Amino acid sequence: MGIFKNLFGGDKPKEKSEINSSKFKAIDKTDYTSLEELIEQHAGLSFEKQMNFGDVIGSSAWELDMGKGNIIFGDMDFPIQIIGSLSFNDSSWMWGWANAKSGMPENLLVQSNQLKEIGLKKNIKELTDGHFNVAEGFEHKIGMMACDLFNCKSYYCANYGQGTLVVTIDDDKIPEVDKNRLEKVLTNFPQLISAIDLNHKNTFKNYLIDRVFELNISENKIEGMKNGKVLTAEFDDLNRLKSLNGKL
């Protein structure tokens, strides 16, 4: 497939002196006006965080200690914030702040309530509606968004049979993303967009911003430069990724 063409190869890398660094500049994330834009701003780095978390917990099953506010994998426990839950029965989402009958401790709903406040401030209906039907993969989009928005180390979708509880996790046992390992972008981004329905171009741009790249953006191409190395992504007219390669 074209998406993987020249993923690690291609032309001989240019010497550092050959790169026209003047066309690259640091840019900030734009203001968001919708939930989808908010998700696109945070999905890239969160997916990479998720890979790190997977290395830590391996194949261990999860347990929840609501009293302590922890999720447990084997002999490791991690503090959580409860974001919301997905019901398998009717594919509906309920925010933690809206689930009054569950008796969730208020101290575990801080981030969920903060998302509601963002929704009120920015007039984003999905963040202020307590309960609504959603498409497949919504729980992972919300987990990714919350994880990076609140600068957490990971999120987790805890499948309890009838549904999935989405939590964020922040603990020093989970390693930080190494933002100098540029090759991770080449492997992680194609995996992300093959698993989750996202605007490829917007998500890639924000992923590079989170990884502190300087950017050169044109209509169908984004180039990112860091430490004298360049990544290039090309997109079609629907903003879908056509190719991704790096001169590393």
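Residues considered: 104, 94. Of these, the only one that is outside any loop (DSSP other than H, G, I, E, B) and of a type in the set (A, V, I, L, M, F, W, C) is 94.
Taking the conditions exactly as written (more than 13 Å from the chain's Cα centre (by Cα), at pLDDT 95 or above, surrounded by 17 or more Cβ atoms within 10 Å (Cβ to Cβ) and within 23 Å of residue 152 (Cα to Cα)), does residue 167 satisfy them or not?
Values: more than 13 Å from the chain's Cα centre (by Cα): yes; at pLDDT 95 or above: yes; surrounded by 17 or more Cβ atoms within 10 Å (Cβ to Cβ): yes; within 23 Å of residue 152 (Cα to Cα): yes.
It is true that residue 167 is more than 13 Å from the chain's Cα centre (by Cα), at pLDDT 95 or above, surrounded by 17 or more Cβ atoms within 10 Å (Cβ to Cβ) and within 23 Å of residue 152 (Cα to Cα).
One line per residue, one yes/no per condition, for (1) within 20 Å of residue 169 (Cβ to Cβ); (2) hydrophobic (A, V, I, L, M, F, W, C):
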site	(1), (2)
36	no, no
57	yes, yes
66	yes, yes
69	yes, no
75	yes, no
84	yes, no
91	no, no
95	yes, yes
105	yes, no
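Considering the conditions (1) hydrophobic (A, V, I, L, M, F, W, C); (2) more than 20 Å from residue 39 (Cβ to Cβ); (3) surrounded by fewer than 20 Cβ atoms within 10 Å (Cβ to Cβ); (4) over 17 Å from the mean Cα position of the chain (by Cα), residue 231 is excluded by exactly one of them, (3). May I ask you to verify whether residue 102 is among the hydroxyl-bearing types (Ser, Thr, Tyr), without any contact (Cβ under 8 Å) to a residue 24 or more places away in the chain and loosely packed, with under 12 Cβ neighbours inside 10 Å? No: the conditions fail for residue 102. Taken over the stretch 119-148, the criterion of being aliphatic (A, V, I, L, M) and either outside any helix (DSSP H, G or I) or farther than 14 Å from residue 84 by Cβ (or both) is satisfied by 120, 124, 134, 135. Against the definition (over 20 Å from the mean Cα position of the chain (by Cα) and either outside any helix (DSSP H, G or I) or surrounded by 12 or more Cβ atoms within 10 Å (Cβ to Cβ) (or both)), how does residue 84 come out, yes or no? It is false that residue 84 is over 20 Å from the mean Cα position of the chain (by Cα) and either outside any helix (DSSP H, G or I) or surrounded by 12 or more Cβ atoms within 10 Å (Cβ to Cβ) (or both).
The values are calculated or read from the model by the stated rules, or taken from the named source; none is laboratory data. These numbers come from a predicted model, not from an experiment. With ideal geometry, Cβ positions are generated from the backbone for all residues, glycine too; neighbour counts draw on all protein chains shown.
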